[in-house]
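One structure is given below, encoded as structure tokens.
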């Protein structure tokens, strides 16, 4: 970044003369090749999601989430009824395009349109979509939406610093690690140090190119095994290859 000086010879940030803020998210759905994101609805999604989460052999997927697991369909539906009314977080159900069934949820949150900052959170994927193309396509859909359509400058990922799978996912998706906020949250009666990651708008074009290359059908063999890793494609795109 080129250093700019003000009238007092102090360094200041880049000027943003055309900045007027980003748009608030309002899309009812986002369509991809392998999945679709739909605004969360208890009536449409509660039963299918509850069944999808029951595929897990235990409750470890809920350890780092602020709520759950839910012991009954009624308890989960009650949570969805509250979540669907919220605008921040704005929750989406992930619909498997091959079955038409909901297989997870995710949200846009901590929405700061004035400064162009938005976060992805409440990532709650059932075994039916973990480590599949759907999980990666969700991130590609959000990247296009927040940068191309809504005009945000910064897309954030935050997680418990002890949540190794979430930290690894952030890195795989091209987020840059920025540090740890110590004793940031008290959750479930315990301390949470929060790891912060981000993607900024200048990084987005190379990243979305890598996502598109990874998600292309020809990147998978007849058994659905990837031919090139997303991390490799991200590195190549950032290097201009």
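Values in this text are rule-based calculations from the coordinates and carry no lab data. Please read these numbers as outputs of a predicted model, since none were measured by experiment. No Cβ is skipped: glycine too gets one built from the backbone with ideal geometry, and neighbour counts run over all protein chains shown.
Taking every Cα-Cα distance in the stretch 190-241 and sorting them into 10 Å bins starting at zero, the pair-distance distribution P(r) comes out as 22, 39, 23, 14, 3 percent. Pick from 111, 200, 95 the residue whose mean-square fluctuation is largest in a GNM of the chain, springs joining Cα atoms under 10 Å. Maximum fluctuation in the GNM of the chain, among the listed residues, is at 200. For the pair residue 187 and residue 51, label points projected 7 Å from Cα toward Cβ lie 3.0 nm apart. Remind me, relative contact order of the stretch 33-85 in percent, using alpha carbon pairs under 8 angstrom and six or more residues apart? Contact order relative to length: 58 percent. In percent, rounded to a whole number, the relative contact order of the chain is 16, using alpha-carbon pairs under 8 Å and six or more apart. Relative to the longest principal axis of the Cα atoms of the chain, the long axis of helix 204-215 lies at roughly 30 degrees. Please work out whether the stretch 1-94 counts as rounded, prolate or oblate from its C-alpha gyration tensor, where a ≥ b ≥ c are the square roots of the eigenvalues and a/c under 1.5 means rounded, while otherwise a/b larger than b/c means prolate and anything else oblate? Prolate, because a/c is 1.5 or more and a/b exceeds b/c. Put simply, the convex hull of the Cα atoms in the stretch 50-129 casts, on average, a shadow of 6.0 nm². The long axis of helix 133-143 is offset from the longest Cα principal axis of the chain by roughly 40 degrees.
Its relative contact order, with pairs defined as Cα atoms under 8 Å and 6+ residues apart, puts the stretch 1-110 at 27 percent.
Return, ordered by residue number, the residues of the stretch 150-184 whose backbone nitrogen is under 11 Å from a label point located 7 Å along Cα→Cβ of residue 131. Hits in the stretch 150-184 for residue 131 at 11 Å: none. Taking only alpha carbon atoms, the chain gives an Rg to Rh ratio of 0.99, where Rh is the Kirkwood radius. Counted residue by residue at 0.36 nm each, then reduced by the alpha carbon distance between them, the extension gain from residue 225 to residue 148 reaches 24.7 nm. Projected over every direction and averaged, the convex hull enclosing the alpha-carbon atoms of the stretch 150-241 yields 7.9 nm². Taking every pair of Cα atoms in the stretch 8-55, average 1/r, invert it to obtain the Kirkwood radius, and report Rg/Rh to two decimals. For the stretch 8-55, the value is 1.36. Using only Cα atoms and rounding to the nearest 10 degrees, what angle (0 to 90) does helix 73-83 make with the longest principal axis of the chain? Approximately 30 degrees, to the nearest ten.
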